[in-house]
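Notes follow once the structure below has been shown.
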Amino acid sequence: MIPQVTGQALALISLALAGLILARLTRIDKTLCCLGGGFVAGLLVAPLGLDTGIRAGNVQDVVFYLLLPPLLFQAAWHISPAMLRRWIVPILVFATLGVAISVAVSAGLMYAGINHPGFPWMAALLTGAILAATDPISVVNLLRSEQAPEDVATLVEGESLLNDAAAAVLYAAILGLAVSSGSATSSPAVVGALTSHIFGGIVAGVAFGLIAAILVLFFKSSVLANLILVVSAFGSFYVAQELLGLSGIITVVITALVARSGLRDFEQPFLQGTEITWDWLGDAFIALVFTLMGLVIVPAMFVDQWLAILIAIVSALVARAATVYSCAPLSSLLMRHDDMPANWKPLLVWGGLRGAIAIALVLTLPVELPYWYTIQSMVFGVVLFNLLIQGTTCRPLVRRLVTDHEKSP
């Protein structure tokens with residue numbers, strides 16, 4: 001059993017590495033190369049008589065417990081505590097009201113557009129929650145390469161981080177209702193459980209973050225600091241989710257934010273190499289997620305579900321625009337310093353890409369749900385549209401933003 005699992009893991013890692021090599025040689029986006037490599041490998045598996053061991057029914061735990069925690073921890077760790085405090089008001093508005101608006105608008109449009117008994121309201125809500133999780137890594141990298149204002153990069157990255165956490169928690173709650181639809185579960189009980197999971201996850205995250213910071217200061221070693229933080233990413237998620245019955249997603253995000261904030265004055269002596277560690281871990285796990293997506297994609301998805309995919313793309317764009325243009329004015333009213341510049345809004349709409357987190361969530365769908373294949377096809381279609389169309393056309397918006405910033409007094 002162990003040799004077989006080891007061989008399958010090495011095969012998946014090798015495919016991801018091949019995708020990264022291809023991206024380096026062709027200068028094509030690495031996520032697209034990893035996805036393409038996984039897709040080609042998936043097509044060759046049957047003719048070559050190979051077996052990857054990857055099935056729709058066994059990939060959920062791998063994605064949820066091994067791939068999701070480091071992706072969330074890395075995103076939280078990279079955010080500057082000072083810049084996060086500066087833009088915390090719009091970030092929280094987008095992560096709460098914004099996620100609710102996004103799920104409601106996209107789910108309503110998809111439910112009305114598909115209008116089929118095989119795609120009930122619960123399926124629309126699940127799809128909307130998954131697509132509410134934005135993951136604009138390429139846009140953030142583009143902002144930094146074009147020397148855009150750090151404020152907008154922080155807003156995009158911070159909003160994405162908390163959006164991911166909020167959307168994932170909402171997705172888990174809706175999934176719980178969908179799976180237990182045959183049992184009697186009252187709405188107050190669901191709301192109470194969700195509230196306890198969220199606030200319990202926040203408390204647990206603060207505790208884990210403080211413990212991680214204290215251990216780093218105790219050992220005073222940059223090598224052990226990297227080990228402590230990596231263990232914290234996986235450990236906080238697992239303990240909260242499995243042992244405490246709390247939200248592992250919220251816990252791991254808060255753990256990273258608290259640890260980073262607590263160690264902000266000790267980066268030079270104790271955190272040397274930490275950024276490099278999380279850069280390669282983030283790249284590796286993102287590559288694995290997109291490779292996995294390529295392996296499970298089948299061409300029939302885009303033939304059988306083309307209309308549902310098209311409806312999902314339009315719904316996701318409309319929902320994102322509704323989120324940005326409704327939350328931005330409210331954020332401006334609540335902020336005590338600079339308002340959100342108007343030229344940021346189109347970038348927030350078009351740059352609100354769906355990526356690794358959305359893929360990770362949709363891969364955790366139980367195959368027992370009769371509509372899991374439809375949802376997976378729709379999410380994959382939206383991610384591909386984001387990669388091929390939105391991700392490749394963001395540069396003009398970013399350059400316009402940089403130009404306007406340079407012209408401002």
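Taking interchain pairs and intrachain pairs at least six residues apart, which have beta carbon atoms under 9 angstrom, with the first residue in the stretch 72-84 and within 22 Å of Val169 (Cα to Cα) and the second in a helix (DSSP H, G or I) and among the aromatic types (Phe, Trp, Tyr)?
Listed pairs, sorted by first residue: Leu72/Phe237; Phe73/Phe234; Phe73/Phe237; Phe73/Trp278; Gln74/Trp278; Gln74/Phe285; Trp77/Trp278; His78/Trp278.
Residues in the stretch 193-210 that are surrounded by fewer than 16 Cβ atoms within 10 Å (Cβ to Cβ) and not hydrophobic (A, V, I, L, M, F, W, C): how many?
The qualifying residues number 2.
Can you find, within the stretch 69-98, the residue that is modelled with the highest pLDDT among those that are surrounded by 24 or more Cβ atoms within 10 Å (Cβ to Cβ) and among the small types (Gly, Ala, Ser)?
For the stretch 69-98, the residue satisfying everything is Gly98.
Can you pull out the residues in the stretch 274-313 that are of a type in the set (Gly, Ala, Ser) and either surrounded by fewer than 19 Cβ atoms within 10 Å (Cβ to Cβ) or over 21 Å from Leu363 (Cα atoms) (or both)?
Result: Ala284, Ala300.
Please find, within the stretch 121-167, the residue that is nearest to Thr393 (Cα to Cα) out of those that are among the aliphatic types (A, V, I, L, M) and not in a helix (DSSP H, G or I).
Selected residue: Ala148.
Find the residue count for the stretch 202-224, including only residues that are in contact with a helix residue (DSSP H, G or I) (Cβ under 8 Å, 6 or more places away or on another chain), of a type in the set (Gly, Ala, Ser) and under 29 Å from Asp61 (Cβ atoms).
4
Given the options Val223, Val206, name the one that is within 26 Å of Ser160 (Cβ to Cβ) and in a helix (DSSP H, G or I).
Val206
Regarding the stretch 285-297, can at least one residue be identified that is within 29 Å of Val152 (Cα to Cα), small (Gly, Ala, Ser) and modelled with pLDDT of 85 or more?
Within the stretch 285-297 (the criterion being within 29 Å of Val152 (Cα to Cα), small (Gly, Ala, Ser) and modelled with pLDDT of 85 or more), the answer is yes, since at least one residue qualifies.
Any idea which of Ile276, Ile254 is in a helix (DSSP H, G or I), in contact (Cβ under 8 Å) with a residue 24 or more places away in the chain and of a type in the set (Val, Ile, Thr)?
Exactly one of Ile276, Ile254 is in a helix (DSSP H, G or I), in contact (Cβ under 8 Å) with a residue 24 or more places away in the chain and of a type in the set (Val, Ile, Thr), namely Ile254.
Given the conditions (1) closer than 29 Å to Val362 by Cα; (2) in contact (Cβ under 8 Å) with a residue 40 or more places away in the chain, and given that Leu271 satisfies all but one, which numbered condition is not satisfied?
(1)
The values are calculated or read from the model by the stated rules, or taken from the named source; none is laboratory data. Remember, it's a predicted structure, so these values are computed and weren't measured experimentally. Positions of Cβ are generated from backbone atoms using ideal geometry, with glycine treated the same way; all protein chains shown enter the neighbour counts.
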